[in-house]
Each structure stands twice: as structure tokens, then as C-alpha cells.
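Each remark here refers to the structure printed beneath this line.
The numbers here are math on the coordinates, done by the rules we state, and not lab data. What you see is a predicted model, and the numbers here were worked out from it, not measured in a lab. Here the Cβ positions follow ideal geometry from the backbone for every residue, glycine too, while neighbour counts run over all protein chains shown.
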Amino acid sequence: MATSNEVSEKARSGTKRFIGGVVEGFYGRPWTMEQRTELFKREQKWGLNTYLYAPKDDYKHRMYWRDLYSPREAEQLIALISAAKQHNIDFIYAISPGLDITFSNRKEVAALKRKLDQVREFGCSSFSLLFDDIETEMCPADNQAFSSFAHAQVAITNEVYQHLREPETFLFCPTDYCAAFCTPNMSQSSYLHTVGDELLPGIDVLWTGPKVVSHKISVESIEEVSSILKRAPVIWDNIHANDYDPQRIFMGPYKDRPTELIPKLRGVLTNPNCEFHPNFVAIHTLGTWCKASADGAARDVEMGDEEQDPCYSPHKALTLALTDWLEEFLCTDQPTACCKKESSDEEPMQTDLGEHSYVPGAGENPLYTAEPLTLDDLKLLSDLFYLPYEYGSTAKTMLHELNWLKSHSQAAAVKTDQTAEWCSRARQFDDMCEAVVRMFNRLSNAPNRSILYDLYNYICDIKSGVNLAQAYVKSLGGLGKPSAQLMSADPEPWGFRGGLSGEFQRMLPGHGNRDLFKHPPRTSVYCIRPYCAEDKMDVQRIFVKMQRERQIQVASVTESPLISDILSAGEIPPSPQCALVLEDDAGPCGYMLALTDVKAASVQRDMSERVFEDFPSLITGQVLPRVTDPSPVKRMITQLLSTIRNCGSRGVFCELRHGDRRMLDFYTKSCSFQPIKLAGLPPDVIAMGTSL
Ligand code: GDL
């Protein structure tokens, strides 16, 4: 039995060249023949040597795998295979019969051989059988003929391999193609052991790492799987694949795979983004990675990152890729424009644009001149659409800053000494948002339209997202109008993003974020019901408890009573239908009370102020700390505001003490209350109001 060391020794000793390249293995629209030909050119230029043809939604690759190619299709494939040869790229033809093949039926095996024979006649000499993403249950006929699913797959793969006269390159993709799919685990997976033991040694095995989309691939994990498979795997790397999420695309560098892996692997094929052009970075950086040599013999000192990996720095690889990509962006792909693509061998096209170009006269509109795209724009683009488990540095900063600005917004609202810091950070955030908008504009004006069109939906989406965040921060700081974009009762469709899928996400706890399944939501069920006389004691208890907590926190001595306090303490009754109680499993845990007309409630206070004309009603409430979900509070406030509005009131105000951060948050963030001036309030109290 060959150990993994012996196997890797074979790869190292150069008997077989390291497979480095691209697998077109994603779901969705396959690339065009022109794009594939362009890919071969690039692969050759960047030191890669392989292309695995496996487009999941190509009819004859998977669904109608038995069908032979028509003469027209044959012509195209022949041209493609020959283009690969011209560029020294090994064209591997893959077929995925697993959806419906009956392994034990000889006619099925014959159909598979016939199809591969046809492709061999097109000039192809490398092949692959893929059994990923299929049902693991065998049909009764196969259950009778084979002792397991793995045995069935291996039997047919070995037979086809021999039928094709043992090609130099022949790849097998198992159904359990990553550690996460193995049952009960990798070392005890009978499926994987059968593959390792029974698959003929000349056949290589594809493997995606610990997961389908592996964050990191460690040397240890590869040593472990190699010892089971009895051969070094070819990594099918989904790090840049985006077919599982239409809002994401990945333009960060190849990363988190130490170059120490190279001698332990048979190869790496990246299965990148569905869009062809944005894969420039994915493929270019893989090329750089493949050139790195872990044994140090050909160590590229320039490329290394001494701390992480002496042979490869993702950051430097990214800069190299983006620098080359910028050139491509700046060259037009439009036949009528003035700059021809450098790589084209054709003569520049004759255009008469130059002679008849329009020159505006005095007092006329000057011609529109586009600002040129810069390397920094591309760095920003890559940062915003980095990798599946990591945002780029600018994106991280923006998220961090937005979070900080949100959680410190009351500082800006109450004008404490933190206001200056808040305002300065808000300005910096605004600048970052502006940089994204500028990048969008420059990209939109770049001469290469094909790249732009592949990116368009994504950059449009991020621009809109950033615009919303920018407007939100402005509204938090009391600048700009929050209403138009964020609060309008009848917003434009871009004010509620994401369609039905967006609605579903928003309905899930935590907006469907990645903690959803790690920390399953605790099912706190809240009930909001009208207040009744028996609730008086509970409301007082909650009011006093929260008052004490506040006093402990801010070490306040005594608090002069506010109208809200008098209302909460039950000294005056709330207006009819203006009182709600919040309950969870353990009983009442919050309340919200209102007076529709503070003057009429004849509270001992100077009511002559003009502000009461604009804000005649008052709202107050508290929730116990165990209520961590803001939505029931928002619900209560919204419900009371609507009742008050129906009573004909023009506006509502609330009084809040500085220690009452949570309530302040609820009023400002979810219910658009803004600070208002109210004379005679104690210094630790602010008033906030909202018009109805
Ligand atoms: C997969 C599929 C692949 C798909 C990728 C990302 C393999 C072996 N198969 O599981 O076709 O593009 O996930 O969604 O990775």
C-alpha cells in the first residue's frame, strides 16, 4: 500500500507535472467558447496548465449526459480542444452521469463509453468522471449488483479508465468530496476507504478540503485524506465560487492554503465566479501561488511573506494581479472606439470618428470627460468583494465604523463631549462612502465594457447599500433628511432591498446572519396586550426597578420627577387606549404609556411653552433587561404613535435621562425621534420628539 509520503514523493520527483488551473464547474450559465479560449491564453501567461470542462448546467455534461454532440457542437468542441493545445493547456473533459445512471446496466456503461469515445475523437486525451452533488441512495438493481455506492462508482470509473486506455490524466470526483460530507468522519468513512483501496492508482481524486467552500486547507488535513485515498488529491477549490449567492462575487487573492501544500498535492483547480471577467484576480493569484515552491529551491524572495508563508504573500499577489487587470480595464473592447485591445493580433479598425468628432463651441456644453480608473479603485473593489469568509480591509473598517457610529449616536444627539469624535468619525465614514461612489463612476466609464457588464449588478448593489448607510449616518447625526430614503411611508423599491428573499432574511432572527444556526434563536415569545387596572403594580415595579438600575449605573443621587415618572408611578392615568403591557413566559416585562394631551392631564408644570403646540402628547415606557429583542418595544411605540395620531395629535415627545440608553436607542433608531428643546428640564434629561 502506498503511503501518502510515497505518493507525494512521486509528485515531487516530477514524474507527473503539478496540475494547476481552472475548473469550469459551477452551476448557472456556462462560459462562451470565446471566453474559454481567452482563459487558455491567460492560463498560459500566468503559468497554469489545465482546464477542466465541467459546466454543471451544460445539457450534455450532466442532464443529458448520454446524448452525443451534434455536428455543430462537435465543431465547437474540436476548436476549443485545439485552442487549449495551442496554449499548452491540458483540456480535461468531464462528464457527470450521476443524476440517473444505473451502474449495473451494461447499456448505461456502453453509453458512457460511447460519449467519451466521441470526445476522444475531437482530440481530447484527458478525462474525468464526476459524482458530486447526487443522491446517495442506489436503485434496487444497483443495490443487488454492488455492495455499496462507492463500489458502484469505482467499478464504472475503473472500467471507463481502462476503456480509454489509461489516459495520463484521469480525474474522479467522489460524492463525499470534502471532510464535512464524510460519515461518520473522514478517517472512518467506508466510502472514502473504498475509493482509496479500489480505484486504480493512475486515477486522481478531486477533493474540496474540509468543507465545500473551505476557509483554510491545512497540510495535516491533506496528509490525512491522502493516506485514506492512497494518493495525493487534486484540490477542486471553491474559494472563489459564487454560484450559491447572487449578491456575492469574489475578487480577493488566493489565500489560506500554505504553499507547503504544493508538494503534497497532485494539483489545484479553482472553480471560480460564474462571471468570466471578474475571475482575473482568482486565476492570476492562483498562478502566482502555483509558482511558489515550498522546498525553497526556487523561493521567490520578493513574493514571500516571512511571517505567514515565506513563498507567497496574498497581499503582494493581489497587487500584481490588480496592476495587470487595470491595464485590461483601460483598453476598450468596443470595435468602434479608439483604443484597440493590446492582445489582439488584428489590424486596428478604421474608424472615421476622429475626423467627424464633435467639438463644442463657445457657450456650449463641454464634452463629458470620464475620470480614469485607478489602481486604488480596483483595490477598493477587491476589498468590497474579497473572499467568502473575509472582507477586505476597507470593507472591515466601514463595517466597524458604522457599528461604532450606530452605538454611539446618542453622544451626537445629546451633545456630550463625545460629539466631536462622533462627528469626525461620521465624516470619515462619509468619505469612505464617497470613495465607493467614485469607484462606481470610474468603473462605469472604463473603456472595457465586457468587464464592466460582468461586474455591473454587484457594484450597483454595493453602491446602493453604501448610499443607504451613508444617509443613515447623516440622519443619526441630525444631518440630512432621514425621511426620504429611509423612513418614507411609500418608499421607492430601492428603499426595501432584496425582494422576497430579502423579506425572508429580514424575518429570521439576526437578519439571517451567520450566527443563526450556531446559536439557534431562543424562542422568547412576547405578547403585547392592552394595560388594565391589575397591571398597575407590575408597571410600578418595572418602573422602580429600571430607575434603580439607572441610578446604580450613573450614580445619580435623586431624580426630580418628570411627567413620565408621574405617569409610570400610577399617579395619573394614561389616556384611553394609550397603555400597553409586554409579557413573556415569566410575566410582565415592559410597558408603554401615553398621554394624548399633556395639558389636559393638568400635570403641575408650566404648559405655556410653544413646543407643546407641536408636541402635545407624551409617551413613556420601560422594558426589563431580559428583553434583548428590540422589536417588541418598537412594536409598542409604533402602536401607541398610531393611536395618538388617530386622536388628532400633531406630535409626541418623550423625556429621557442620560442613563436610559436603551430607551434612547429605541426611540432614535427604530422610531425616528429627534432631540427637541423643552425648557425647565433637569440637566440630566433630554426631550425627544416626533411629528405625526
Ligand atoms: C459544489 C459543486 C460545484 C459548485 C460548488 C459551489 C463541487 C465538487 N461541486 O459542491 O459544482 O460550484 O459547490 O457552489 O464543488
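Remark on the range 4-306: ratio of C-alpha radius of gyration to 2.2 N^0.38 Å is 0.96.
With both labels modelled 7 Å from their Cα along Cα-to-Cβ, the A370 to H315 distance reads 3.2 nm. Applying 1/(1 + (r/R0)^6) with R0 = 51 Å to the Cβ-Cβ distance of E327 and E223, what FRET efficiency is obtained, to the nearest 0.05? Efficiency, from the Cβ-Cβ distance: 0.80. Counting 0.36 nm for each residue step from C460 to Q76 and taking away their Cα separation leaves a gain of 134.8 nm. The lysines whose alpha-carbon is closer than 21 Å to the alpha-carbon of K41, local same-chain residues fewer than 8 away aside, are K85, K291, K340, K341. Rounded to whole numbers, the Karplus 3J(HN,Hα) couplings from phi for the range 659-665 are x, 8, 4, 4, 5, 4, 4 Hz, using 6.51 cos²θ - 1.76 cosθ + 1.60 with θ = phi - 60°, and x at Gly and Pro.
Relative to the current alpha-carbon distance between R497 and K216, full extension at 0.36 nm per residue lengthens the span by 97.9 nm. If R0 is 45 Å, the Cβ-Cβ spacing of A600 and Q247 corresponds to a FRET efficiency of close to 0.30.
Arranged from fewest to most other beta-carbon atoms within 10 Å of their beta carbon, E166, E609 become E166, E609. Amide H contacts of C173: L129, L130, F131, L206, each under 5 Å away and 5 or more positions distant or on a separate chain (H built 1.01 Å from N in the peptide plane; Pro and chain starts excluded). The ranking of L375, L641, L286 from fewest to most other beta carbons within 10 Å of each one's beta carbon is L375, L641, L286.
Applying 1/(1 + (r/R0)^6) with R0 = 45 Å to the Cβ-Cβ distance of D490 and V525 gives a FRET efficiency near 0.90. Sorting E137, E224, E434 from the fewest to the most surrounding beta carbons within 10 angstrom yields E137, E434, E224. Compared with the alpha-carbon gap, the fully stretched path from A569 to T15 is longer by 190.8 nm at 0.36 nm per residue. Computed over the chain, the per-residue total of -39500 (n - 2.57) for DSSP H runs of n ≥ 4 gives a 222 nm mean residue ellipticity of -12500 deg cm²/dmol, rounded to 500. Karplus-based coupling profile of the range 583-592, in residue order and whole Hz: 10, 10, 3, 8, x, x, 9, x, 7, 9, with θ = phi - 60° in 6.51 cos²θ - 1.76 cosθ + 1.60 and x standing for Gly or Pro. A crude spin-label estimate for the pair N445 and A141, with each label 7 Å from Cα along the Cβ direction, gives 6.5 nm. Got a sec? Which residues in the range 112-146 would a label at Q162 touch, if it sits 7 Å along Cα→Cβ and we count backbone N under 16 Å? Answer for the range 112-146: 113. In this simple spin-label model, placing a label point 7 Å from the Cα along the Cα-to-Cβ direction at both Q188 and Q674 gives a separation of 6.4 nm. Under 5 Å between amide hydrogens, built in the peptide plane, is the criterion, and for G651 it picks out S617, L692 among residues at least 5 positions away or on other chains.
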